[in-house]
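In what follows, a single structure is set out as C-alpha cells and then discussed.
The values are calculated or read from the model by the stated rules, or taken from the named source; none is laboratory data. Predicted, not measured: the structure shown is a model, and the values here were computed from it. Because the Cβ atoms are built from the backbone with ideal geometry, glycine has one as well, and the counts that use them run over all protein chains shown.
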Amino acid sequence: MPSRRNMPKPQLRNVAALLNRDEAPAENSQTVAISQIQLPKSQPRRYFDEEKLAQLVQSVETYGVLEPLLVRPIEGADGKYELVAGERRLRAAKAAGLEAVPVSIRTFADQEALQVALMENLQREDLNPVEETEAIMDLLALTLDASRDEVAALFYQAHNAKHRGQELRQNVLSQLEQVESLLTNLGRFNIDSFRASRLPLLKLPTDVLEVLRQGKLEYTKAQALARVKDDQQRSALLSRAIEESLPVSVIKSEVKALKEKPEGKPEQAVYDRYQSLGQRLKKSAVWADRKKRDRLAKLLNDIEKLLDA
C-alpha cells in the first residue's frame, strides 16, 4: 500500500468544470512569444526547488515544452496574456533560452483565474505541506468570500461547538458544508484533520516557516523548533538542524535544554549569538569578496584586542 505522501492526488472536479475539459476544446491553442506572457499579481506558488527546476530546464532543452501553459488574454492589451497555470514550465523555458512556448488560451474572470491557478497548483506532486496548506486556505477563502483568518476561525468554531455540544447558526453550517465539500474533493483531509494537522503550520515562527516552505526541514522538526521562543537561540538551532541533519529526538533534547537554562543572563545571549555567527561564517560568501574579507579581518583584530585587554 503506498504511503500517504506518495498517494496520487485526485483530480479536482471543479478544475475540469472550469476548464471545460470534457465539454469543449480550448478557445485557441497556439505558440506565443514568452515576452507576451505576464505573471499574475497573485501567484499561488512562492517557492521552486532549484534542483527540480534544473531537471525541468534540461528536459525542456531536449524535448521542448510538452504541456501547453494555460493563459488568458489581458483586456486592453492586444496580444498580451496573463499566465494562469504553468509557472515552472515558463521559468524553465526562459532558462532554456526559448523565445516562444505552446499555450492554451482561455477567457477567465479574475476570480475564476485565481481559482483555477490554486486548484491546478494543488495537483502538483512536489508541493510541500506549507504550500499545500496555503493553497487550500486561499481556495477556501475565495470560495467563501472571506479572509484566511475568517476561514481559520470557522474551523475552530466548528471544533469548539462539537466539543461543547453547541448548535451553530445556519449560515455557519452552510459555510462548513462548502468547506467539507472542497476538502472531500481534495481527498486528503476532513475538517477535523485539516484543523489539527495543517492550521498550526500557519502559526509557526517566520524563520521556521520559511525553511519548511523551501523543503529544507520536516514538519515534525519544525514543530519542535517552534517551541524555542528566543529568536537568536531558535536561529542557531535551526541552522544546526539543517546543516547537520539533526534527528527530531536530538532537536527536542536541545529545545528542552534551552528551556531549562536560567533566563535573564545577558552573557548567554552573547554566547549564543557568537555561535550562530560562527555557523553563518562557515557557509558565507564573504570569503570570496576581498573587501569584505579585509573588513572581517579588521573586526577580528578588534575582538582579539578586546580579549587581550
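Here the range 74-95 is the region considered, the condition is being farther than 15 Å from ILE34 by Cβ and in contact with a Leu (Cβ under 8 Å, 6 or more places away or on another chain), and the residue that is modelled with the highest pLDDT is VAL84.
Is there a residue being at pLDDT below 80 and part of a helix (DSSP H, G or I) anywhere in the range 242-253? The answer is no, given that none of the residues of the range 242-253 is at pLDDT below 80 and part of a helix (DSSP H, G or I). On inspection, VAL71 fails the criterion of being among the hydrophobic types (A, V, I, L, M, F, W, C), over 29 Å from GLU134 (Cα atoms) and either modelled with pLDDT of 85 or more or loosely packed, with under 14 Cβ neighbours inside 10 Å (or both). Each residue in the range 89-113 was checked for being of a type in the set (Lys, Arg), assigned to a helix (DSSP H, G or I) and crowded, with 19+ Cβ neighbours inside 10 Å, and 1 pass.
Quick one: would you say PHE108 is touching a residue at least 12 places away in the same chain (Cβ under 8 Å) and over 22 Å from the mean Cα position of the chain (by Cα)? Yes, satisfied. Identify all residues within the range 200-219 that are part of a helix (DSSP H, G or I), among the aliphatic types (A, V, I, L, M) and buried (at least 16 other Cβ atoms within 10 Å of the Cβ); write none if there are none. If the condition is that a residue be part of a helix (DSSP H, G or I), among the aliphatic types (A, V, I, L, M) and buried (at least 16 other Cβ atoms within 10 Å of the Cβ), then LEU201, VAL208, LEU209, VAL211, LEU212 are the ones that fit.
Look at (1) touching a strand residue (DSSP E or B) at 6+ places or on another chain (Cβ under 7 Å); (2) under 28 Å from VAL211 (Cβ atoms) and you find that ARG148 fails only one, number (1). Considering (1) under 27 Å from HIS159 (Cβ atoms); (2) assigned to a helix (DSSP H, G or I), say which one ARG227 fails and leave the rest. Here ARG227 meets the rest and fails (2). The condition (being at pLDDT below 75, within 30 Å of GLU132 (Cβ to Cβ) and not hydrophobic (A, V, I, L, M, F, W, C)) is satisfied by just one residue among LYS283, LYS216: LYS283.
One residue stands out among those in the range 166-177 that are of a type outside the set (S, T, N, Q), assigned to a helix (DSSP H, G or I) and touching a helix residue (DSSP H, G or I) at 6+ places or on another chain (Cβ under 7 Å): the one that is surrounded by the most Cβ atoms within 10 Å (Cβ to Cβ), which is LEU176.
Residues of the range 279-302 that are under 27 Å from LEU258 (Cβ atoms) and surrounded by fewer than 11 Cβ atoms within 10 Å (Cβ to Cβ): LYS282, LYS283.
As for the range 119-126, it holds no residue that is within 23 Å of LEU176 (Cβ to Cβ) and either touching a Ser or Thr at 6+ places or on another chain (Cβ under 9 Å) or of a type in the set (Gly, Ala, Ser) (or both).
Of GLU180, GLU131, which residue is within 22 Å of the chain's Cα centre (by Cα), part of a helix (DSSP H, G or I) and of a type in the set (Asp, Glu)?
Values: GLU180 fails: within 22 Å of the chain's Cα centre (by Cα).
Checking each option against the conditions leaves just GLU131.
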